[in-house]
Structures are given as structure tokens and as C-alpha cells.
Amino acid sequence: MGGDYVVKQISPEVEGAGNTALILEIIFGIFGLLGIGHVYTNRTALGIGLMVGWWIYIVIAATISSLTLGIAACIFVPLSLVIPIISGVQARTYARQNVETGNWGSVAKVAGGGCLLVVLSIVLIFVIFGGLAALFSLAGSY
């Protein structure tokens, strides 16, 4: 009748994979690599898209926060914590609904590549600003 529903049994492997996707998404997302939990659930294109979009968000948030002398950070910092949690819940839900068990190989490739890009970007920023500082100090000494 009206109260009848079917409870779907989830295997321990799928339950564990869902929880792993949740944890990966939250931890990596907080550190700038949003999408790793989705990569773990075999949705590599979505994971990479989330990662690139997250980097764009971080740049925009940092720029706006700097321009507003940190006032906008009152909005961006909480969002930077909430969005990885929401994305992690979505990754866990997908793993449970589609009986996904996870793929560590894809996680290693995408997370490794993402970390490498982040490190290279930071080095490039320091080189650019260091070069500009050197130019300005040379120009000031004449």
C-alpha cells in the first residue's frame, strides 16, 4: 500500500567505496583538488572538470578577496569548506547508486597531475613576482 518500499542492499565493498569517495573529495577539495572523489568513482571527466573549475573559483575568490581587503573572504572561506562536502556527498551517492567500487589508478594519475600543476603554478608565480621585484629594485637604484 502507501508505506511499502524496498530497501536496496549495498555490499560492504560498495559502501566502503562510497565512503572513500566522500573522504577523498572532502580532503583533496579543501586542499585545492576538488573532483578526486568523482575520479575514484570512475567519472574522470567530471572530476577533471570540477578540479579545473575549482582552480578558477580559487583564483576569482582570491582576487575579489584581495580587492575588498579581505571582506569577501567572509563569504569565500565558508564556501571553500562547504562545496567539497557537498561534492563528496554527491560522489558517495553516485558510488552507492551505481554499485561502483572505486579506481585507485585514476586517482593516482589525476591527483598526481593536479598536484604537479599546482606546484608548477606556485613556482611560476614566485618566478614572475621575483623577476618583477628584481626589475623594480634595479630601476630604483639608478
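Quick note: the coordinates plus some simple rules give every number you see, no bench work behind them. All figures in this text were calculated on a predicted structure; none of them were measured in a lab. Note that each Cβ is placed from the backbone with ideal geometry, even for glycine, and that neighbours are counted across all protein chains shown.
Structure above, values below:
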| quantity | calculated |
| --- | --- |
| Karplus (6.51, -1.76, 1.60) ³J(HN,Hα), θ = phi - 60°, over the range 111-126, in Hz, Gly and Pro reported as x | 5, x, x, x, 4, 4, 5, 5, 5, 4, 5, 5, 4, 4, 4, 5 |
| Relative contact order for the range 12-141, counting Cα pairs under 8 Å that sit 6 or more residues apart, in percent | 34 percent |
| Total formal charge among the other residues, if their Cβ is under 12 angstrom from that of R96, Lys/Arg +1 and Asp/Glu -1 | -1 |
| Listed candidates (1) 21, 18, 13; (2) 36, 17, 14; (3) 41, 18, 9 - label of the one calculated as semi-axes √(5λ) of the Cα gyration tensor in Å | (3) |
| Under the Karplus curve 6.51 cos²θ - 1.76 cosθ + 1.60, θ = phi - 60°, whole-Hz ³J(HN,Hα) for the range 62-70, x wherever Gly or Pro sits | 5, 5, 5, 5, 5, 5, 9, 6, x |
| DSSP-assigned coil residues among chymotrypsin sites (Phe, Trp or Tyr not before Pro) in the range 1-70, each with at most 16 further Cβ atoms within 10 Å | Y5, F31 |
| Residues K8, K109 arranged by fewest to most Cβ contacts within 10 Å | K8, K109 |
| Per-pair calculated FRET efficiency, R0 = 25 Å: A108 and I30 via Cβ, rounded to 0.05 | 0.80 |
| Burial ranking of peptide ranges 42-48, 20-26, 58-64, 93-99 (average Cβ count within 10 Å, highest at the top) | 20-26, 42-48, 93-99, 58-64 |
